Amino acid sequence: MPVGLAVEGANRNDMKMVGETLGSIPVERPEPTSEQPQGMCMDKGYDYEEVRQIVEEFGFTAHIKARGEEAKEIKRKAGFKARRWVVERTHSWMNRFRGILIRWCKKPENYIAMLHFAFAIITYRCAGLSG
């Protein structure tokens, strides 16, 4: 379920947006403890020390596949399939909305409003309220 949102140009590397995205989480989350740590799963595109530090500053435990680690797993295990991470799944959900897949809005605030609307629909569906 999407919980944070940050918008930037398509040519901007995802790892540069980690701090802004985590800072945009609108809900209060419980304080992580050693008994109940809060994990953040990210794909190999976020495998940078800078990202790990930012994630730790926000109180999450980083779970990031190292670059090349998945390829080694595929070679080692015959039936191993690559894991589809949460970010890619959420992008797939967002691609079902035409106004997001192809950005028709010229003003960033209109595009952000469309993203919020799409996230509201996705959250409603994830909660099982759509019947």
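The values are calculated or read from the model by the stated rules, or taken from the named source; none is laboratory data. In this text the structure is predicted, and so the values were computed from the model without any measurement. These area figures cover heavy atoms from the full protein model, side chains too; ligands, DNA and RNA do not enter into them. Shrake-Rupley method; radii C 1.70, N 1.55, O 1.52, S 1.80 Å.
For the residue pairs Lys44/Lys107; Lys16/Lys65; Lys44/Lys75; Lys16/Lys77, alpha carbon separations beyond 29 Å are given by Lys44/Lys107; Lys16/Lys77. Heavy-atom accessible area, probed at 1.4 angstrom with all protein chains present, ranks Arg96, Arg29 as Arg96, Arg29, highest first. Rolling a 1.4 Å probe over the protein chains gives Cys126 an accessible area of about 60 Å².
Residue separation of Ala10 and His116 scaled by 0.36 nm, minus their Cα-Cα distance, works out to 36.3 nm of gained length. Its relative contact order, with pairs defined as Cα atoms under 8 Å and 6+ residues apart, puts the chain at 22 percent.
Residue order by solvent-accessible surface for Thr90, Thr21 is Thr21, Thr90, largest first, with ligands and nucleic acids left out and a 1.4 Å probe. For the pair Val27 and Ala66, the difference between a 0.36 nm per residue extended length and the Cα-Cα distance amounts to 11.1 nm. Were the residues from Arg103 through Glu50 laid out at 0.36 nm apart, the gain over their Cα-Cα distance would be 16.1 nm. Over the chain, with a single point scatterer placed on each C-alpha, what log10 of the ratio I(q)/I(0) does the Debye formula yield at q = 0.17, 0.19 1/Å? Each listed q corresponds, in turn, to -1.11, -1.28. Counting heavy atoms of the protein chains alone, Glu8 has an accessible area of about 100 Å² for a 1.4 Å probe.
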